[in-house]
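The values are calculated or read from the model by the stated rules, or taken from the named source; none is laboratory data. Everything quoted here is computed from the prediction, not taken from an experiment. Glycine also receives a Cβ, built like all others from the backbone with ideal geometry; neighbour counts cover every protein chain displayed. Keep in mind that these areas ignore ligands, DNA and RNA; they rest on the heavy atoms of the full protein, side chains included. Shrake-Rupley method; radii C 1.70, N 1.55, O 1.52, S 1.80 Å.
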Amino acid sequence: MTDELLERAAAVAERAYAPYSNYFVGAAVRARDGRVFEGVNVENAAYPLGVCAEKVALSRAVVEGCRPGDLEAIGITASPCGGCRQWLYEFRLDRVIFPNRDGEVVSYTPAELLPDTWELE
Ligand SMILES: [Zn+2]
């Protein structure tokens, strides 16, 4: 499963819209019912308006009815940024899989990626 999600993430990364950075990122998230939702980073000339691949994948899952707890694992072609770690925590995924800086595939829980995080009471 780990390999399949990363393979799908790598394949979809080619469709990223990244004309400014040329940094192409893909993500593939698997729901507990087996569905897989893919995402890519989408940049904008106003740089802060760009969105990350994992946010797009999670948003697509939400559009299809998924809610926190419905998603099992996500494969991402890059380490998730701080903001995306908060998103991953919100959706309570079991595993977040990505290649680390050394190219080694690693797997963490969202809480491991964002310990002692903020939660809305
Ligand atoms: Zn991000």
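Cβ-Cβ distance below 7 Å, separation of 6 or more or different chains: which pairs start in region 87-112 with a residue that is within 12 Å of ALA73 (Cα to Cα) and end on one that is open to solvent by 50 Å² or more (accessible area, probe 1.4 Å) and modelled with pLDDT under 95? Every condition considered, the pairs that remain are ILE97/THR2; SER107/THR2.
Go through region 93-105 and report how many residues are surrounded by fewer than 15 Cβ atoms within 10 Å (Cβ to Cβ) and either of a type outside the set (Asp, Glu) or within 16 Å of the chain's Cα centre (by Cα) (or both). Please lay out each step first, then the result.
Filtering region 93-105 down to residues surrounded by fewer than 15 Cβ atoms within 10 Å (Cβ to Cβ) leaves 94, 100-105.
Retained after the next criterion (residues that are either of a type outside the set (Asp, Glu) or within 16 Å of the chain's Cα centre (by Cα) (or both)): 94, 100-101, 103, 105.
Total satisfying the criteria: 5.
Quick one: would you say GLU119 is modelled with pLDDT under 95, surrounded by fewer than 20 Cβ atoms within 10 Å (Cβ to Cβ) and not β-branched (Val, Ile, Thr)? Yes; evaluated as a whole, the condition is true for this residue. Within region 16-40, residues that are open to solvent by less than 90 Å² (accessible area, probe 1.4 Å) have Cβ atoms under 7 Å from residues that are polar (S, T, N, Q) in these pairs: ALA16/ASN41; ALA18/ASN41; VAL25/ASN41; VAL25/THR77; GLY26/THR77, counting only partners at least 6 apart in sequence or on another chain.
Working carefully through the options VAL12, VAL56, find the one that is hydrophobic (A, V, I, L, M, F, W, C) and away from the ligand (no atom under 12 Å from the Cβ). Quick ask: steps written out before the conclusion?
Numbers: VAL56 fails: away from the ligand (no atom under 12 Å from the Cβ).
Step by step, each of VAL12, VAL56 is checked, and only VAL12 is hydrophobic (A, V, I, L, M, F, W, C) and away from the ligand (no atom under 12 Å from the Cβ).
Anything in region 77-106 that is under 20 Å from VAL62 (Cβ atoms) and of a type in the set (Asp, Glu)? List them, or say none. Result: GLU90, ASP94. The set of residues from region 1-46 being in a helix (DSSP H, G or I) and modelled with pLDDT of 95 or more comprises LEU5, LEU6, GLU7, ARG8, ALA9, ALA10, ALA11, VAL12, ALA13.
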